[in-house]
Amino acid sequence: MWCYRGGSISTEPRINDRIRVPEVRLVGPSGEQVGIVPLAKALELAQEYDLDLVEVAASARPPVCKLMDYGKFKYESAMKAREARKNQAHTVIKEMKLRPKIDPHDYDTKKGHVVRFLKQGDKVKITIMFRGREQSRPELGYRLLQRLASDVEDLGFVESNPKQDGRNMIMVLGPHKKKTEAMAEAREAQAARKAEAKANPGRSQNAADGEIAEGETSEGETSEAETAEAPAEASAEA
């Protein structure tokens, strides 16, 4: 009885003695076409050049093999894949919730988060939450959304106009700056900070630790601000 034992299928090309064909179409170290040669001759040339014989096109007849440093090739391929992942941009939609009669200070705080999201190249979903009798005054939410869109028009645009969704009113802001551009600018800024720190080695470690602690606190506050509802409206506006 034939039995299949599951296992991962290797995607690595066959190299050197693992190649099991009588002849191959050989490509030299510099990309030059050597032609169709017996496998033994190809392996002999690989040893002569102190390189590996790597099967680069197994489906060809005969298979195409190239003389190369396989270890160096794998390393360079891994670095390219890592760089590609680092530069890959993922579309992210942040959400910010507000109340129609939000306090001016709370509005400025929320707007600050929206500004930061847009600078990072992310979209922002703005949700106005109506409660009780506020539902009969949708114009309050509409004016608030228009005000916010006007305040951040240098960084973003209205991608989805305000629309009523049950007890909420929703608007989506899109960034003028692409995500890849924002990521590139962030990397440049990080490199500039590292260069500045290297040029000023006398900077105290305590100051650096203080900046790190402050950054962690700020991040925590941001996370809370993204998900929590705005505080109760000011009594003067109520």
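The values are calculated or read from the model by the stated rules, or taken from the named source; none is laboratory data. On a predicted model such as this, the values are computed, not experimentally measured, just so you know. All Cβ positions, even for glycine, are placed from backbone atoms using ideal geometry, and neighbour counts span all protein chains on display. Please note that ligands, DNA and RNA were not included when accessible areas were found on the heavy atoms of the full protein model with its side chains. Shrake-Rupley method; radii C 1.70, N 1.55, O 1.52, S 1.80 Å.
Quick notes on this structure:
- ³J(HN,Hα) computed for each position of segment 129-146 - Karplus, 6.51 cos²θ - 1.76 cosθ + 1.60, integer Hz, glycine/proline x: 9, 9, 9, x, 5, 4, 5, 7, 10, x, 5, 5, x, 4, 5, 5, 5, 5
- Residue-normalised accessible area of segment 79-196, expressed per residue, 1.4 Å probe, Å²: 61 Å²
- Amide H contacts under 5 Å for Val56, placed H, 5+ residues apart: Val64, Cys65, Lys66
- A Förster radius of 22 Å, combined with the Cβ-Cβ distance separating Ala81 from Val21, puts the computed FRET efficiency at roughly 0.15.
- Cut-off under 5 Å, modelled amide H: who pairs with Glu23 long-range: Leu39
- Count of Lys pairs (Cα-Cα under 21 Å; at least 8 positions apart or interchain) in segment 10-128: 27
- Accessible area of segment 86-180 belonging to carbon and sulfur atoms, whole % at 1.4 Å probe: 46 percent
- Per-residue HN-Hα couplings for segment 104-118 [Karplus 6.51, -1.76, 1.60; θ = phi - 60°; Hz; x = Gly/Pro]: x, 5, 5, 4, 4, 5, 5, 4, x, 5, 4, 4, 5, 4, 5
- Karplus 3J(HN,Hα) series, Hz, for segment 53-62 with 6.51 cos²θ - 1.76 cosθ + 1.60 (x for Gly, Pro): 9, 10, 7, 9, 9, 6, 7, 6, 10, x
- Sites listed here are GluC sites (Glu not before Pro) in segment 29-64 whose DSSP assignment is loop and whose Cβ has at most 12 other Cβ atoms within 10 Å: Glu32.
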